[in-house]
Amino acid sequence: MALASQDGPAIETRGLTRVFQSRKGFLFRERTRTEALKGVDLTVERGAIFGLLGPNGAGKTTFTKILSTLLLPTDGTALVLGHDVTKETEWLRPRMGLVLGGERGLYNRISGRDNLRYFADLYGVPLAERERRIREVLERVDLLDAADRRVEEYSRGMKQKLHLARGILHRPEILFLDEPTIGLDPKSARETRKLIRSLVSDGVTIFLTTHYMFEAEELCPKLAILSKGRIVARDTVDNLRALIGGDRTIEVEDYGFEDRELAVLRGLPGVSKIVTEEFGPMLRLTLRIRTGETTVDGVRRSLPGHPELAVRERRTSLEDVYLDLVDEEVR
Ligand SMILES: Nc1ncnc2c1ncn2[C@@H]1O[C@H](COP(=O)(O)OP(=O)(O)O)[C@@H](O)[C@H]1O
Ligand SMILES: [Mg+2]
């Protein structure tokens, strides 16, 4: 029996759906219905970092919470380590670790070590092993020196390390990390990513969500892109990159463009897609060009009413594919 959990995928969802009904407005009379997940089918193999990438509101936290048994789906099924997340929570919980982004979930008035003692007891870590295990994870996340200081004295980055320590304390087979670097300064974020990478060598499966393309690219050999509750791509980073092979990108910036001008740009030879983004008062159009005919000069000539127009060509990046796939959100 014990070996049964070694086979099959780490995660398998079919038609996973979650609807939130809420009320707002005057006397909460207004009902809103949000379909946070719209039938997600996803299979994740064991023993690596798998990334779920998507913009804010895509449904990443909802998905993570369902997989980690914190939230029930409205419809569909989800198996983690081969076990149903809605029916086999007792079997699953000791085998899963969860680290949600944000500051909550730690006791500020006590030390980092005492926090871990509390969670070790909660997770049923044998008392005889507790202190050694705590030392081990503190060392792992490089918090040994600060272990006996109150958590309220910790920096944001140290708190996140303590969260990670808590997440691995009971030696889970699968670890869910929801936006693990959100709100961290660049140095702490880098350290956290390094730490996450080191955890894989223990054979743990890591399911990580992020809205940073570069983070997914750096940490996750395989990833899925979630947009508005749907998986819009699922591949290796290399294959996603190949998707854009040969494409060129031209960026155009000014204070605004008319619909007529956008239509002109769309009509230029080889232009396959235009993504629009706002930067304060500026509007940036990113043109993906499939064939070589349209040039920076060509773009400039087709927008004669813009004396201050900035036009430049740059290498197409994985981020462009991402923006393409989720462009409705960034418009
Ligand atoms: N408890 C809730 N009640 C109502 N709507 C919710 C709730 N949780 C999430 N949502 C909505 O579901 C969608 C997905 O949210 P979430 O899973 O938090 O996305 P992400 O983590 O990718 O930013 C959003 O539109 C969000 O507003
Ligand atoms: Mg979230």
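Numbers at a glance
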read-out	value
Under the Karplus curve 6.51 cos²θ - 1.76 cosθ + 1.60, θ = phi - 60°, whole-Hz ³J(HN,Hα) for segment 197-212, x wherever Gly or Pro sits	4, 5, 6, 4, 5, 7, x, 6, 8, 10, 10, 10, 10, 7, 10, 9
Within a Gaussian network of the chain (alpha carbon springs, distance under 10 Å), most fluctuating of LYS273, LYS161, LYS24	LYS24
Cα gyration tensor shape of segment 1-144, rounded if a/c is under 1.5, else prolate or oblate by comparing a/b with b/c	oblate
Listed residue pairs exceeding 29 Å between alpha carbons, taken from LYS65/LYS273; LYS65/LYS161; LYS65/LYS159; LYS87/LYS159; LYS194/LYS273; LYS65/LYS194	LYS65/LYS273; LYS87/LYS159; LYS194/LYS273
Interchain or long-range residues, amide H under 5 Å from LEU226's placed H	LEU53, GLY54, VAL232
Taking TYR212, TYR107 and counting other C-beta atoms within 10 Å, the order from fewest to most	TYR107, TYR212
Computed lengthening from ARG301 to ARG171, 0.36 nm per intervening residue step minus Cα-Cα distance	40.6 nm
Additional length obtainable on full extension of the chain from GLU153 to VAL200, 0.36 nm per residue less Cα span	14.0 nm
Of every Cα-Cα pair in the chain, the percent that sits beyond 27 Å	54 percent
Amide H contacts of PHE50 (H built 1.01 Å from N, under 5 Å, at least 5 apart or other chain)	ILE206, PHE207, LEU208
Cross-link reach list, lysines versus LYS60, counting only Cα pairs under 19 Å and skipping chain neighbours closer than eight places	LYS38, LYS222, LYS228
Residue-by-residue Karplus 3J(HN,Hα) for segment 178-183, coefficients 6.51, -1.76, 1.60, Hz, glycine and proline x	9, 6, x, 10, 5, x
Relative contact order, percent, the chain [alpha-carbon distance under 8 Å, six or more residues apart]	18 percent
Other-chain or far-sequence residues with amide H under 5 Å of ILE11's (modelled H)	VAL44, LEU81
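Quick note: the coordinates plus some simple rules give every number you see, no bench work behind them. Note that the structure is predicted; figures quoted are calculated from it, not measured. Counting neighbours? That spans all protein chains shown, and the Cβs are built from the backbone with ideal geometry, glycine included.
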